Structures are given as structure tokens and as C-alpha cells.
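Heads up: the structure comes next, in C-alpha cells.
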Amino acid sequence: VAAPPPPPSFAPLVVPHGSCLDVSRLEATGLAVRPGSLAARGRVGGPKTANKAWDYLACTEIVHPIAANNVSDMFPPQTWSVDALSAGCRREFHAAPRPAWMPRSMGMARGAAHLADATSHVIFTNGLLDPWSAQSVTQNVSSTLVAINIPDGSHHSDLGAPPNPDVSEADSPTLRAARAQQLAILKGWLEERATPTVAVA
């Protein structure tokens, strides 16, 4: 029996500060989804380059402590721990998770109440049927850090573009209201930016 190939080097994917990860570079490194990878095991979608990129981000920057119990969710029981994630990330990418990176870099290290210290003008839209909403901002932080919750919304249902549901008359009233609220807020912010301010001497 031949030994499995060693995990690929992710050196070409190290992203300098202030730059973006170009997922198309994954193909160039030969990182098609391999049997036994996080994506192939069903941990993150199916066998696509974008899933490999998501696996990499989940191993380096976006750590999601989500387990499943098959009682309050539809997924097979699965525990979660930093140790298990670390072992999988070392095996798959020669990388170590940084659980504190996201909260620190996004201004959330001291909680949502301190978001205004790091940013402004963000709409946090949450489909409350989406398990990811548990880790989101679900209450307004300020007049420009706004939470819009859709009680019967799912993951990205407000976007209304493939692979998400198309905008239709069958959308729930709460989904239509959320989209209208998003547009009104964005238009207001754009109008504020377009109006020149005059300094008073």
C-alpha cells in the first residue's frame, strides 16, 4: 500500500497584511479536494476549490466553535474542541488556528458594545433559522451599526441571488421588510456621503 501524499505546502497562500486571499490561486497549487480532506469528509460543503479555501480560513482566521448533537439540530452528533481543530488543521494545512484573531481584527475582542471603536456603517443581517446567527450581532450597537433579524430567514436568504433563493412574491413579509430596510439604510448612508459638509469657522 502506497503512503498517502504529504499535505501540500500552503506557503504560496500566506496572505500579507492588507491583502486578500485569491482563491483562484488554490487551483495553481494543486489543491483539489483530496479524499479525507475536511471538505471531502463533509465538514465544509462539497468538492470545490472554494470549499478548500473555506477550510483554510476556518483553520487560520475564522474559527467557528460549533458542535452538533442531532437533538436540537439536523446534523450527526459531533463534538468540537480547539485540540481537534488544531490537529486537523496541522494535518491538512500545516497551520494552527488563531481563535482570537477574528475578534481582535474585527473590533470584537471586547464584545459588540465596543464595535464603534473599530468600525462604523455595518448592517448585520441575520436569518434566525441559520445556526450561524448565534455568532452574529443581533441587536443594534449604534445608529450606524445596525442589526436586522429575519425570524423566518435562512442563511443568506436576504441576498436573493444564486445559490440563494431568488427574490420573489412568495418571500415572507419579514424577508421583504428586511430587504426594504437594508436598501433604505444604504441609500441614507450614500446620501449622507454625497452631501458635502461645510466647516464652520
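Taken together, the values in this text are just the output of simple stated rules run on the coordinates, not laboratory data. Keep in mind the model is a prediction, meaning the values are calculated, not measured. With ideal geometry, Cβ positions are generated from the backbone for all residues, glycine too; neighbour counts draw on all protein chains shown.
By average Cβ neighbour count within 10 Å, what is the ranking of 69-76, 131-138 from highest down?
Going from most to least packed, we get 131-138, 69-76.
If you stretched the chain out fully between ALA84 and ARG110, how much longer would it get, using 0.36 nm times the residue separation minus the C-alpha to C-alpha distance?
Length gained, ALA84 through ARG110: 6.7 nm.
Based on the Cβ-Cβ distance from GLN135 to GLU192, what FRET efficiency comes out when R0 is 35 Å, to the nearest 0.05?
E between GLN135 and GLU192, to the nearest 0.05, is 0.75.
At most 10 other Cβ atoms within 10 Å and a DSSP loop assignment: could you name the trypsin sites (Lys or Arg not before Pro) in the stretch 64-155 that fit?
The qualifying sites: there are none.
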